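Scroll down for the structure; my scribbles are underneath it.
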Amino acid sequence: MLTFRPIRPEDDPAVAAIIRQVMPEFGADGPGFAIHDPEVDHMSAAYSVPGAAYFVVVDGGDQVVGGAGIAALEGGEPGTCELRKMYFLPETRGQGMGETLLRHCLVVAQDLGYRTCYLETLSGMDQAIRLYGKLGFKPLCSPLGRTGHGGCDHWFARELA
């Protein structure tokens with residue numbers, strides 16, 4: 001049974017390991033991808049600031065198997081957050097937890113006062129791209145803000161109100 005909860009400091013190594021395992025699976029291990037973000041090793045601290053939240057997905061044994069978070073879009077318009085580091089181990093995918101967690105992140109974003117949620121992804125993450133469309137994200141022609149993720153080639157945004 002998969003559930004989710006807010007990240008805790010003891011989850012940091014597992015979350016970093018998931019990010020480092022999943023991103024290369026989709027060719028996202030070179031420069032310009034989130035795998036190199038300084039926060040990867042300290043996710044609980046990075047998302048403990050006002051306006052941010054990160055949630056981990058755990059299996060029945062409380063093993064971390066995925067996660068996703070939101071935070072203000074760096075260099076973005078006021079009121080815009082970014083969906084960040086939404087990754088799941090292969091055995092966890094296809095069970096509906098991605099949609100459940102994304103819906104939760106959108107509610108949290110709205111509760112934090114954000115009006116728009118932005119995200120970046122790349123070709124090959126087809127399941128995720130379908131999910132974003134299903135939940136009302138609209139494709140953009142170019143990136144927003146200054147995420148530093150020049151390797152991404154798909155950008156989406158969704159109004160929260």
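The values are calculated or read from the model by the stated rules, or taken from the named source; none is laboratory data. Computed from a predicted structure; not experimentally measured. Positions of Cβ are backbone-derived with ideal geometry, glycine not excepted, and every protein chain shown enters the neighbour counts. Protein only, heavy atoms only, side chains kept; ligands, DNA and RNA dropped before computing areas. Shrake-Rupley method; radii C 1.70, N 1.55, O 1.52, S 1.80 Å.
Details
- Number of positions in segment 28-51 that are touching a residue at least 12 places away in the same chain (Cβ under 8 Å), in a helix (DSSP H, G or I) and open to solvent by 50 Å² or more (accessible area, probe 1.4 Å): 3
- Selection status of residue 87, within 12 Å of the chain's Cα centre (by Cα), of a type in the set (Ser, Thr, Tyr) and either part of a strand (DSSP E or B) or on the phi < 0 side of the Ramachandran plot (or both): yes
- Near pairs, Cβ below 6 angstrom, 6+ apart or cross-chain, from segment 9-27 (more than 25 Å from residue 123 (Cβ to Cβ)) to any residue that is buried (at least 16 other Cβ atoms within 10 Å of the Cβ): 9/44; 11/56; 11/64; 12/43; 12/44; 14/64
- Exactly one residue among 89, 83 is surrounded by 12 or more Cβ atoms within 10 Å (Cβ to Cβ), without any contact (Cβ under 8 Å) to a residue 60 or more places away in the chain and of a type outside the set (S, T, N, Q), and that residue is 83.
- Restricting segment 52-69 to residues that are touching a residue at least 24 places away in the same chain (Cβ under 8 Å) and farther than 29 Å from residue 113 by Cα leaves a set whose member that is most open to solvent (accessible area, probe 1.4 Å) is 63.
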